[in-house]
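Please read the structure below before turning to the comments.
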Amino acid sequence: MLPTPESLKPATTTDTRHCRQGDVLIERITTVPTAAVPQPKSARIILAQGEVTGHHHALETVDPADWWQIGEISTANPKPAKLAGEVYVRLASGGVVTHPEHSEIKLAAGHYRITRQREYSPEASRNVAD
């Protein structure tokens, strides 16, 4: 079900600089890096694929959002080309980050960087499995 303009009203904490949903970290930024590669506008952007449950983190918007990518953020590929892929979005009127096992996160209009959180193990740094 796509969000409605009413459901996308900014959360009461619009000044939040960062938030987290499972293994996905969302940070408010001022601008998108020039190295980021533009992607086709979309009203639903998959932020991370869930390798354990098959559920994924998605950003849903009423109007298609501008977004960019650096590296790979998906967990569907067990050995991504880069350990820390990044997704950047510009939300003109806000959006909602959804996942079946987590609470929704409402984002106000603005620029955001989305990354997978990593954890340390003696073998190597790795993405957190959600």
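The values are calculated or read from the model by the stated rules, or taken from the named source; none is laboratory data. Note that the structure is a prediction, hence the values are computed from the model and not measured. Note that each Cβ is placed from the backbone with ideal geometry, even for glycine, and that neighbours are counted across all protein chains shown.
Might you let me know whether the stretch 29-45 holds any residue that is loosely packed, with under 13 Cβ neighbours inside 10 Å, of a type in the set (Val, Ile, Thr), over 11 Å from the mean Cα position of the chain (by Cα) and modelled with pLDDT under 85?
No, there is no match, as no residue in the stretch 29-45 is loosely packed, with under 13 Cβ neighbours inside 10 Å, of a type in the set (Val, Ile, Thr), over 11 Å from the mean Cα position of the chain (by Cα) and modelled with pLDDT under 85.
Go over the candidates ARG126, ARG113 one by one and state the one that is outside any loop (DSSP other than H, G, I, E, B) and at pLDDT below 75.
Unique residue meeting the criteria: ARG126.
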